1. At pLDDT 95 or above and within 13 Å of the ligand (Cβ to nearest atom) - does that describe any residue in the range 114-129?
2. Which of the residues that make up the range 202-228 are more than 16 Å from the chain's Cα centre (by Cα) and part of a loop (DSSP other than H, G, I, E, B)?
3. Which is in contact with a strand residue (DSSP E or B) (Cβ under 6 Å, 6 or more places away or on another chain), farther than 16 Å from GLY208 by Cα and modelled with pLDDT of 95 or more, of LYS25, LYS32, LYS21?
4. Under 8 Å between Cβ atoms, at least 6 apart or on separate chains: pull out the pairs that start in the range 1-30 with a residue that is over 18 Å from GLU44 (Cα atoms) and crowded, with 17+ Cβ neighbours inside 10 Å and end on any residue that is acidic (Asp, Glu) and modelled with pLDDT of 95 or more.
5. Can you go through LEU132, LEU141, LEU136 and tell me which one is part of a helix (DSSP H, G or I), more than 15 Å from the ligand (Cβ to nearest atom) and either touching a Ser or Thr at 6+ places or on another chain (Cβ under 9 Å) or modelled with pLDDT of 95 or more (or both)?
6. Might you check whether a residue that is hydroxyl-bearing (Ser, Thr, Tyr), under 17 Å from GLU219 (Cβ atoms), in a helix (DSSP H, G or I) and touching a Lys or Arg at 6+ places or on another chain (Cβ under 8 Å) occurs anywhere in the range 13-26?
7. Return the residues of the range 177-228 that are within 24 Å of VAL137 (Cβ to Cβ) and within 11 Å of the ligand (Cβ to nearest atom); say none if nothing qualifies.
8. Within the range 152-171, track down each residue that is assigned to a helix (DSSP H, G or I) and not hydroxyl-bearing (Ser, Thr, Tyr).
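The values are calculated or read from the model by the stated rules, or taken from the named source; none is laboratory data. Remember, predicted model here, so these are calculated numbers, not experimental data. Because the Cβ atoms are built from the backbone with ideal geometry, glycine has one as well, and the counts that use them run over all protein chains shown.
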Amino acid sequence: MIVAANFKMHKTRKETKEYLKELKKIDFNGVKVAVFPPFTALMEDELIGAQNAYPAINGAFTGEIGLEQLNEFNIKRVLIGHSERRHIIGESQEFISKKFDFYKEKGFEIFYCIGEPLEVRKKGIDEVVKYLQNQLVGIDLEYEKLTVAYEPVWAIGTGESASIEKIKETHAEIRKFTTRPVLYGGSVKPDNIKEIINIPNVDGVLIGGASLDVETFKEMIKIAKEIK
Ligand code: PGA
């Protein structure tokens, strides 16, 4: 069972340090925990991963960070393909797959995000599967350090997660593509985490908003521990 926190553009370095200190007061007991803070809060810690990274060691890529900067903090985990980067920043599948290849080649653990927008979901599961397949183009789905995160765009940050039925049917489809762990993300919170992680083919969760409060995040880890 994997429980991951995506801080997005929240928290400072100081706040992240305090968060980790609080978080580590509990025994994870076999639950794998990952925390993705903003770049400015990257630090050497086994829980930490980067929310994004450019596919190069270093170079003329203003506003980006690459392998050299991650190495400084001994970071070996990266999130790639989050819908906010695909849709707000405008990253293409081609670029995303380049990042994947680069960090795979460097032996990173990769949390790879996919998820359809509402207009696609409205067309039904076949269209959803086609959309997700396009987000998997160029990705080695059996990479031994891959974790996939299915995050329907319409459920992210809305407070309303996808229904159990929709998560179930979609994860069953994703399972046909990979044997690696598949997380669900999109408005996961203490109220719904238990039901969600009990769904077949859900191997954990990626949590945005509800991870920002460390006590809430710890509560969710505790629930995951019981189910594991
Ligand atoms: P949310 O975000 O939990 O705030 O919906 C999840 C994510 O985008 O990773």
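1. Looking for residues that are at pLDDT 95 or above and within 13 Å of the ligand (Cβ to nearest atom), one finds at least one in the range 114-129, hence yes.
2. Result: ASP213, LYS228.
3. Of the residues listed, the single one that is in contact with a strand residue (DSSP E or B) (Cβ under 6 Å, 6 or more places away or on another chain), farther than 16 Å from GLY208 by Cα and modelled with pLDDT of 95 or more is LYS32.
4. MET1/ASP203; ILE2/ASP203; LYS8/GLU84
5. Answer to the check: LEU132.
6. Within the range 13-26, one or more residues are hydroxyl-bearing (Ser, Thr, Tyr), under 17 Å from GLU219 (Cβ atoms), in a helix (DSSP H, G or I) and touching a Lys or Arg at 6+ places or on another chain (Cβ under 8 Å).
7. Answer for the range 177-228, where residues must be within 24 Å of VAL137 (Cβ to Cβ) and within 11 Å of the ligand (Cβ to nearest atom): LEU183, TYR184, GLY185, GLY186, LEU206.
8. VAL153, TRP154, ALA155, ILE164, GLU165, LYS166, ILE167, LYS168, GLU169, HIS171
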